Each structure stands twice: as C-alpha cells, then as structure tokens.
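Here's the structure we're looking at; comments come further down.
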Amino acid sequence: QVQLVESGGGLVQAGGSLRLSCAASGSIFSLNVMAWYRQAPGKQRELVASITSGGSTNYADSVKGRFTISRDNAKNTVYLQMRSLKPEDTAVYYCYAFVIGLNYWGKGSLVTVSS
C-alpha cells in the first residue's frame with residue numbers, strides 16, 4: 001500500500017501563487033510516475049502535470065508556463081508550483097502515483113482562486 005498526502009491548498013486571489021506538496025509513504029519501491037490531477041465542480045478529473053522518476057515532465061495546455069511540477073525522490077515528494085492563478089484553476093487537486101502497476105490517489109486538496 002502507498003499513501004499520498006497532499007498539502008498546500010487554500011484560497012488565493014487571481015494572479016497569486018500557491019505550492020502544493022504530496023508526500024508518499026508506505027510500500028514504496030519505485031515511484032515511476034507522479035502527477036497532479038484536478039477536478040472542478042461539475043467537470044471530469046483532468047491531468048494537470050506529470051513527472052517521471054527521471055524528471056521528464058508533461059503539462060496540460062491550460063497550465064503551461066504557469067505551473068511547474070517537481071519531485072524530490074529522496075523524500076518521495078512531488079510538488080506543484082502554481083503561479084498566475086486564474087479563477088478557472090479553482091478545483092480539488094489530487095496527487096497521483098503509479099507504483100509497480102498500481103494507481104494510487106491522494107484525498108485531494110482544495111484550491112480556490114477568487115477574481
């Protein structure tokens with residue numbers, strides 16, 4: 001079992017910044033891919049950004065140039081630095097990890113961007 005715990009969400013004004021963190025614990029042998037997804041009210045969950053163990057990254061078009069995903073393999077932690085936030089970024093952000101063929105999800109962290 002792998003546990004993922006997010007932190008860092010909250011309320012911010014448009015144009016502001018937030019950093020989300022996700023710490024992984026448990027039976028971690030190889031955190032191949034870690035990612036952030038988000039789900040806005042009434043919408044499907046969508047991929048925001050992902051990062052492999054080697055550091056390769058991928059971003060949704062809507063966040064390119066504003067969000068940065070990074071990871072600290074020694075700490076089994078992934079981060080999402082969010083800048084120039086927009087009201088449409090408001091969502092619950094979920095941490096995701098792919099470990100030895102299994103998918104794991106955190107419980108989510110609410111990010112609210114006010115206009």
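What would the Debye formula give as log10 I(q)/I(0) at q = 0.20, 0.28 Å⁻¹ for the alpha-carbon point model of the stretch 1-62, no solvent? One equal scatterer on each Cα of the stretch 1-62 leads to -1.03, -1.33.
Applied to the stretch 58-73, the Karplus parametrisation 6.51 cos²θ - 1.76 cosθ + 1.60 on θ = phi - 60° returns per-residue 3J(HN,Hα) values of 8, 10, 5, 4, 5, 10, 4, x, 10, 10, 9, 9, 8, 9, 10, 5 Hz, with x for Gly and Pro. Compared with the direct C-alpha span, the chain from R66 to T112 gains 15.0 nm at full extension, assuming 0.36 nm per residue.
How are the alpha carbon pair distances in the stretch 28-81 distributed across 10 Å bins from zero to the largest one, expressed in percent? Values per bin, smallest distances first: 23, 51, 23, 3.
Accessible surface area normalised per residue over the chain is 52 Å², counting heavy atoms of protein chains with a 1.4 Å rolling probe. The alpha carbons of the chain stretch over 42, 25, 22 Å along the principal axes, in descending order.
What a 1.4 Å probe finds exposed on the stretch 2-115 is 49% carbon and sulfur by accessible area, rounded to a whole percent.
Extension gain, S56-W105: 0.36 nm per intervening residue step, less the Cα-Cα distance, totals 15.6 nm.
The values are calculated or read from the model by the stated rules, or taken from the named source; none is laboratory data. Computed from a predicted structure; not experimentally measured. When the accessible area is computed, the model is the full protein with side chains, heavy atoms only, and any ligands, DNA or RNA have been set aside. Shrake-Rupley method; radii C 1.70, N 1.55, O 1.52, S 1.80 Å.
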